[in-house]
Amino acid sequence: MLVPSQLESKDQSQSGWSWRALYGRALEWLVFVLMIVLFVEVTLGIVFRVMGQSLSWYDEVASILLAWLTFYGSALASFKRGHIGCPELVDSLRPRLRRWVGIFSQLLVVGFFGLMAVVGFQIMPILATDFMTSLSDVPMSLVQSVIPISACLILISELDELFRLVLGRPRQTLSGH
């Protein structure tokens, strides 16, 4: 059975987990739970459809769960430094220039996700008056809340990396760069 892996953290103190390890573990569990819920929901949709009793909300909820899995999975990838990059290009630079390029790129990422969070939260009241088609009691603001929330989760990881770069202690990516 797939379960979230133990995080290996060089930041663990002898007395327990560091905030980074706990944060990473929470993101792993969130993504894991979303995968299980999506699996169960799709399986139920198939079973009911085969029985001739299609669920009216199946498709819409599956689409939303997949979107949530994508956004929260992106937050986990950000935490693990697993997003696509060009480490070869950056690694070819002199160390001092490499650091400044890293800081500049982190500032761009933080700016983008900061804007995404702010605009996402500003749109939430507008979406509060719209509801899902198949589940008319569920407001679209709940459905779309994944956007500003995941942006904030990504900001936590990206600000942590920015501070590490400024201090001269960047984390390695999954590829080891």
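Entry remark, the range 57-66: residues being within 10 Å of S134 (Cβ to Cβ) and either buried (at least 18 other Cβ atoms within 10 Å of the Cβ) or touching a strand residue (DSSP E or B) at 6+ places or on another chain (Cβ under 9 Å) (or both) number 1 in total.
Name the residue that is farthest from F113 (Cα to Cα), counting only residues in the range 41-66 that are assigned to a loop (DSSP other than H, G, I, E, B) and touching a residue at least 24 places away in the same chain (Cβ under 8 Å).
First pass over the range 41-66, keeping only residues assigned to a loop (DSSP other than H, G, I, E, B): 51-57.
With the extra rule that they be touching a residue at least 24 places away in the same chain (Cβ under 8 Å), the set shrinks to 56-57.
Working: S56: 35, W57: 31 Å.
Out of the qualifying residues, it is S56.
Against the numbered list (1) under 18 Å from L153 (Cα atoms); (2) crowded, with 17+ Cβ neighbours inside 10 Å; (3) modelled with pLDDT of 85 or more, L38 comes up short only at (1). Being in contact with an Asp or Glu (Cβ under 6 Å, 6 or more places away or on another chain), closer than 22 Å to L30 by Cα and surrounded by 14 or more Cβ atoms within 10 Å (Cβ to Cβ) is not true of M116. Please specify each residue of the range 67-95 satisfying the condition of being at pLDDT 95 or above and either exposed (fewer than 14 other Cβ atoms within 10 Å of the Cβ) or assigned to a loop (DSSP other than H, G, I, E, B) (or both). Within the range 67-95, just T70 meets the criteria.
Within the range 119-177, take every residue that is hydroxyl-bearing (S, T, Y) and at pLDDT 90 or above and give me the one that is nearest to G24 (Cα to Cα). Spell out how you get there, then give the answer.
At the first step, the residues of the range 119-177 found to be hydroxyl-bearing (S, T, Y) are 129, 133-134, 136, 141, 145, 150, 157, 173, 175.
Within this subset, residues satisfying the condition of being at pLDDT 90 or above are 145, 150, 157.
Details: S145: 21, S150: 14, S157: 9 Å.
The residue in question is S157.
The set of residues in the range 96-113 that are open to solvent by less than 40 Å² (accessible area, probe 1.4 Å) and touching a residue at least 60 places away in the same chain (Cβ under 8 Å) comprises G102, I103.
The values are calculated or read from the model by the stated rules, or taken from the named source; none is laboratory data. Predicted model only: the values in this text are computed from it and were never measured. Reconstructed Cβ throughout: ideal geometry from the backbone, glycine too, with neighbour counts over all protein chains shown. Areas reflect the complete protein model, heavy atoms only, side chains present, ligands, DNA and RNA absent. Shrake-Rupley method; radii C 1.70, N 1.55, O 1.52, S 1.80 Å.
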